[in-house]
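Engineer: Got a structure for you, questions after.
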DNA sequence: TGAAATTTGTTGGATAAACAACACTGGAGC
DNA sequence: GCTCCAGTGTTGTTTATCCAACAAATTTCA
């Protein structure tokens, strides 16, 4: 979640990572995650297979990195990464997750069960980390774990619900209706 | 001119060369060749400057490679690289050079004197090599050097003339008129 | 003009990527 | 059951790229 303090990274590793991630992204648009092999990725990325394993433990770690990176971009685009808890920010976070899941579904060829639940785990981790960051800035002595967990699951659930709707209602309307139910649990941090 | 017999090249080498060439191409669209430094190229290509010198002697060698590669593509697109001399092929060659110079002028920001004459040298070498290849397939005992030289200069001159015209006549018309003057010198190889 | 800054071309040592093996797993077909 | 095949994950070695430093040439500009 935190953008690392501008560490200078060897251009070779930046290049390799970005080649692998781009190839993976292209492949996801073509076929299902389960049918993608490490071979496929390294072939398309024009990178040696051994090099892949120097960067990622396996294709699941790759998926995790890929999804995390995309989600972080969505968050940073809305400057939600360096702020604190307010109902307004919470609303924008919910919107971000909704839009993220929607575009993910339209960009990926065959979102099957395994794929979806892997994405779910990754995104919920990201949401939880972000919320924890927000809540701890209130310097409260209250533990943030429980509220953050509840909110995380609620937010993801809402976004999942929204993004699976065939005929989606206007996002604004949807979020306005849902926001209070989540906000009530975080009231003490406002 | 000849496509090397499918040598397997280290992916890193291919990658680096292509990064450098692409960066150079982009820079040429922005500013004049004389004002482009090796620094500029390696910065844009995200490649170390020392690595540049492992591939090219200097920026003039880079320009030569770049122009040669573009021209070879133009030739291969018209399958003129694996054939012999006929007036028809000669006509297509003239057309190719005309179009190449035209697009070069429209893609490069500031075609100054030095740039133009460097391109001229590179292209004339390419034309000469191609013509020599064509003429030697006739297995004649006649030396091909003189006729190939004359034709090379004539062709480049025509294309240069054509591409500098503000209001260009139809390429077909122009070439039809010019072709006989060049072909007459190569008659003995037809 | 002359001093300062930029660019060039080169070097030696450090590191990432390529490559060619290897043993292992799991599934498909017989 | 069995073999065969495709994919996995790892290893040792070689090679390309990175990096920081350097002297020399060139450009800038006061």
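Engineer: Is it the case that segment A:63-73 has a residue that's within 21 Å of the chain's Cα centre (by Cα), within 13 Å of DNA strand D (Cβ to nearest atom) and in the same structural domain as residue A:176 (by TED's automatic domain parsing)? Walk me through it before giving the result.
Structural biologist: Start the filter on segment A:63-73 by keeping residues that are within 21 Å of the chain's Cα centre (by Cα), which leaves A:63-73.
Still in the list and also within 13 Å of DNA strand D (Cβ to nearest atom): A:63.
When the remaining residues are screened for being in the same structural domain as residue A:176 (by TED's automatic domain parsing), the result is A:63.
Yes: one or more hits.
Engineer: When residues of segment A:49-105 are filtered for being in a helix (DSSP H, G or I) and within 16 Å of DNA strand C (Cβ to nearest atom), how many remain? Break it down stepwise before answering.
Structural biologist: Going through segment A:49-105, the residues in a helix (DSSP H, G or I) turn out to be A:49-55, A:59-77, A:87-105.
After this cut, where a residue has to be within 16 Å of DNA strand C (Cβ to nearest atom) as well, the list is A:49-55, A:59-62, A:65.
Residues in segment A:49-105 being in a helix (DSSP H, G or I) and within 16 Å of DNA strand C (Cβ to nearest atom): 12 in total.
Engineer: With the requirement that a residue be within 13 Å of DNA strand C (Cβ to nearest atom) and in a helix (DSSP H, G or I), what does segment B:24-44 give you?
Structural biologist: Across segment B:24-44, the qualifying residues are B:24, B:27, B:33, B:34, B:35, B:38, B:39, B:40, B:41, B:42, B:43, B:44.
Engineer: May I ask you to list the residues in segment A:12-40 that are surrounded by 13 or more Cβ atoms within 10 Å (Cβ to Cβ) and closer than 18 Å to residue B:10 by Cα?
Structural biologist: Across segment A:12-40, the qualifying residues are A:12, A:15, A:16, A:19, A:20.
Engineer: Among the residues of segment A:49-58, write down those that are under 23 Å from the mean Cα position of the chain (by Cα) and either within 14 Å of another protein chain (Cβ to nearest Cβ) or closer than 14 Å to residue A:19 by Cβ (or both).
Structural biologist: Matches in segment A:49-58: A:52, A:55, A:56.
Engineer: Mind listing whichever residues of segment A:6-23 are in a loop (DSSP other than H, G, I, E, B) and within 14 Å of another protein chain (Cβ to nearest Cβ)? Steps first, please.
Structural biologist: Of segment A:6-23, the ones in a loop (DSSP other than H, G, I, E, B) are A:6-10.
Those that are in a loop (DSSP other than H, G, I, E, B) and within 14 Å of another protein chain (Cβ to nearest Cβ): A:8, A:9, A:10.
Engineer: Might you check whether a residue that is closer than 28 Å to residue A:22 by Cα and part of a helix (DSSP H, G or I) occurs anywhere in segment A:148-157?
Structural biologist: Pass one, segment A:148-157, residues closer than 28 Å to residue A:22 by Cα: A:156.
Still in the running and part of a helix (DSSP H, G or I): A:156.
The answer is yes, given that some residue of segment A:148-157 is closer than 28 Å to residue A:22 by Cα and part of a helix (DSSP H, G or I).
Engineer: Looking at segment A:28-48, which of its residues are within 14 Å of chain B (Cβ to nearest Cβ) and farther than 14 Å from residue A:65 by Cβ?
Structural biologist: A:42, A:43, A:44, A:46, A:47, A:48
The values are calculated or read from the model by the stated rules, or taken from the named source; none is laboratory data. These numbers were taken from a predicted model, which means no experiment stands behind them. A quick note on method: Cβ atoms are made from the backbone with ideal geometry, for glycine too, and the neighbour counts reach across all protein chains shown.
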